[in-house]
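Here's the structure we're looking at; comments come further down.
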Amino acid sequence: MSYSIPQILQCYAQGYFLMAAEDSNALNWYSSSRRALIPLDDRFRYPKSLQRVLNQNWFTPAINRDFEGVLAGCADRETTWISKELKAVYQRLHKAGYAHSFEAWQGDELAGGFLGIAIGGVFIGESMFYRIPEGSKAAMVMLVDHLRSRHFQLFDAQIINPHLARFGAFEVDQAVYEATLMEAIQRTCKFD
């Protein structure tokens, strides 16, 4: 599958996302009738134990310091939807300024982070990982703070899971998602 950067961005801007099929690793576009969003307002929450970790400055945030390391960390699972071909797509989007890594560092060690795509005022969270306990959770809180400071309107997490729900993630139907997405894409926000 060979799409140009504008074609890829157009599909994301219409609410689709890429995943490799488990059985063949072939890339396909997917959408969902229910979309998980991470709130960028006062509905965002996290455990008090994580607040203690953040207060002790165990982790330092960074953007695109080790994009390849985050991409590798997100793909390093027993079952992954990030195929070699999808890695190449993310690398192309990164070089074009659309795919980013938001990282939590502990000293010189990459503790965890997010891989995502920023278009206008939308951050589409593609995947996350950790190497040090609390690394991805700290990255989540620091990423939400960053998105707020940059006036992003929408943090799309695509698919809900219990981990994201602990942070206040919620689902909306496709019509609400598409309307919010169209509005948010019109914003001029700079991620890095």
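Any read-out appearing in this document is the output of simple, stated calculations on the displayed coordinates, not a laboratory observation. Computed from a predicted structure; not experimentally measured. Heads up, the Cβs are rebuilt from the backbone with ideal geometry, glycines too, and the neighbour counts pull from every protein chain shown.
Distance between the 7 Å Cα→Cβ label points at ARG131 and HIS151: 3.6 nm. Just so you know, the averaged projected area of the alpha carbon convex hull for region 1-104 sits at 8.8 nm². In this structure, GLU68 and ARG187 have a Cβ-Cβ separation that, at R0 = 30 Å, corresponds to a calculated FRET efficiency of about 0.55. Sorting the segments 16-24, 102-110 by their residues' average number of neighbouring beta-carbon atoms within 10 angstrom, most packed first, yields 102-110, 16-24. Computed from label points 7 Å out along Cα-Cβ, the spacing between ALA26 and SER2 is 1.8 nm.
Charges were assigned to the Cβ only: +1 to each Lys and Arg, -1 to each Asp and Glu. The resulting dipole of the chain about its Cα centre is roughly 360 debye.
Measuring between their Cα centroids, region 1-39 and region 70-107 lie 15 Å from each other. Over the chain, dividing the summed -39,500 (n - 2.57) contributions of all DSSP H runs of at least 4 residues by the number of residues returns a 222 nm mean residue ellipticity of -10500 deg cm²/dmol. Annotation for region 157-192: trypsin sites (Lys or Arg not before Pro) lying in DSSP loop with at most 14 further Cβ atoms inside 10 Å of their Cβ are ARG166, LYS190.
Just need the relative contact order of region 58-192 here, percent rounded to a whole number, with Cα pairs under 8 Å and 6+ apart. Don't skip to the answer; put the middle values down first.
Numbers: 207 pairs, mean separation 31.6, N = 135.
Rounded, it is 23 percent for region 58-192.
For region 28-104, averaging the sequence separation of C-alpha pairs within contact (under 8 Å, six or more residues apart) and dividing by the residue count gives a relative contact order of 38 percent.
Inter-part distance, region 45-62 to region 118-169, computed on C-alpha centroids, equals 14 Å. The calculated FRET efficiency for ARG52 paired with VAL172, based on their beta-carbon distance and R0 = 30 Å, is about 0.40. The 3J(HN,Hα) values that the Karplus relation (6.51, -1.76, 1.60; θ = phi - 60°) gives for region 24-29 are, in residue order, 10, 6, 5, 7, 9, 8 Hz. Gly and Pro appear as x. Using +1 at the Cβ of each Lys and Arg and -1 at the Cβ of each Asp and Glu in the chain, identify which of LEU40, ALA179, GLY125 lies farthest towards the dipole's positive end. Most positive-ward Cα: LEU40.
Evaluated over the chain, the count of Lys pairs having alpha-carbon atoms less than 19 Å apart is 4 (only pairs 8 or more residues apart or interchain). Packing-based ranking of 154-160, 119-125 yields 119-125, 154-160, ordered from highest to lowest mean Cβ neighbour count within 10 Å.
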